[in-house]
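The values are calculated or read from the model by the stated rules, or taken from the named source; none is laboratory data. All figures in this text were calculated on a predicted structure; none of them were measured in a lab. Only protein heavy atoms, including side chains, enter the accessible area calculation; ligands, DNA and RNA are left aside. Shrake-Rupley method; radii C 1.70, N 1.55, O 1.52, S 1.80 Å.
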Amino acid sequence: MKKDDLISDDFLKQFKTHEELTGFLKQIQKRGIEKMLEGELDSHLDYDKYQKSTDANVRNGHTKKKIKTSFGESEIAVPRDREASFNP
């Protein structure tokens, strides 16, 4: 499947204004950034979410952070670990 096929023209027709489309793209970007950070933490801790860890350093919730993007300012949830050794 090609990336161009993921979003159909019919889906895009639902956005009637620039603000609606920009709001949708901002939300997609926010979710994408958060999922990439989760993946980085998986790699850092060397286990996937919901798996058991044999190490003392485990996931420890999230911290809110405001970032500036091409779609404006967004607040994202940055995952953290107990030893605070994760540096995204």
Excluding residues fewer than 8 positions from Lys35 in its own chain, the lysines with Cα under 21 Å of it are Lys2, Lys3, Lys26, Lys49, Lys52, Lys64, Lys65, Lys66, Lys68
With θ set to phi - 60° and the Karplus curve 6.51 cos²θ - 1.76 cosθ + 1.60, what are the ³J(HN,Hα) couplings of segment 27-39 in order, to the nearest whole Hz, using x for Gly and Pro?
-> 5, 4, 4, 4, 5, x, 4, 5, 5, 5, 5, 4, x
Output the relative contact order of segment 16-81, whole-number percent, from Cα pairs under 8 angstrom with separation of 6+ residues.
-> 34
For segment 16-81, what % of the accessible area comes from carbon and sulfur atoms, probe 1.4 Å?
-> 52
What does the helix-only formula give at 222 nm for the chain: each DSSP H stretch with n ≥ 4 adding -39500 (n - 2.57), the total divided by the residues, and the result rounded to the nearest 500 deg cm²/dmol?
-> -12000 deg cm²/dmol
Cα-based equivalent ellipsoid, the chain: semi-axes from gyration tensor eigenvalues, Å | 33, 17, 9
